[in-house]
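Data block below; observations after.
What follows draws every value from the coordinates through simple rules; no lab data is involved. Note that this is a predicted model, so its numbers are computed, not measured. Positions of Cβ are backbone-derived with ideal geometry, glycine not excepted, and every protein chain shown enters the neighbour counts.
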Amino acid sequence: MKILKYINIGVLSLAVLASVLFYAGAVEADALLYFGYVLALATVLGVLGFFVYSIVEKPKQVKSVALLIVGAVALTLLCYAVSSTTTMGLDPELERVTSAGAIRWSEAGIYGMYILFAGAFLSILVSSVRNMIK
């Protein structure tokens, strides 16, 4: 797992470099968007790779890992179902060039982040209260 540490350092270094180049004006926003796409693809491949690794290493944990993946897909679909294609407060030029699908997926991503943040906050709160009671 030492290689993961070096991969993490490399990706973080690339992200810092891309941010500095963007704010210095050497890189356009499109390049950062494509960098984000590459990172998202790497994340999906990494999750699937660790899923396969966990199946090979501990076959008894397949059920719990599969349940986590099904939960993530269900959360994504739920957030997509409640999102809309209407824009509120966007720049008219940005609204003109942005597709309805992109707006809907962006809103679904924001809803998903809200739900995950609330779940993490509640998890910390519940575990803290439980530890205080013990």
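Projected label points at Leu14 and Ala74, each 7 Å from Cα along the beta carbon direction, are separated by 3.4 nanometres. Report note on the peptides 125-133, 64-72: ranked by the mean count of other C-beta atoms within 10 Å, highest first, their order is 64-72, 125-133.
Taking all Cα pairs closer than 8 Å and separated by 6 or more residues, the relative contact order of the chain comes to 15 percent. Since only Ser99, Tyr111, Val126 are under comparison, the one whose Cα sits farthest along the positive direction of the charge dipole of the range 60-134, derived from C-beta charges on Lys, Arg, Asp and Glu, is Val126. Each Lys and Arg Cβ is given +1 and each Asp and Glu Cβ -1; about its Cα centre, the range 60-134 then shows a dipole of about 680 debye. Match the structure shown to one of the listed values (1) 1.82; (2) 1.37; (3) 1.01 of Cα Rg over 2.2 N^0.38 Å, computed from it, and give that label. So the calculated entry is the one marked (2).
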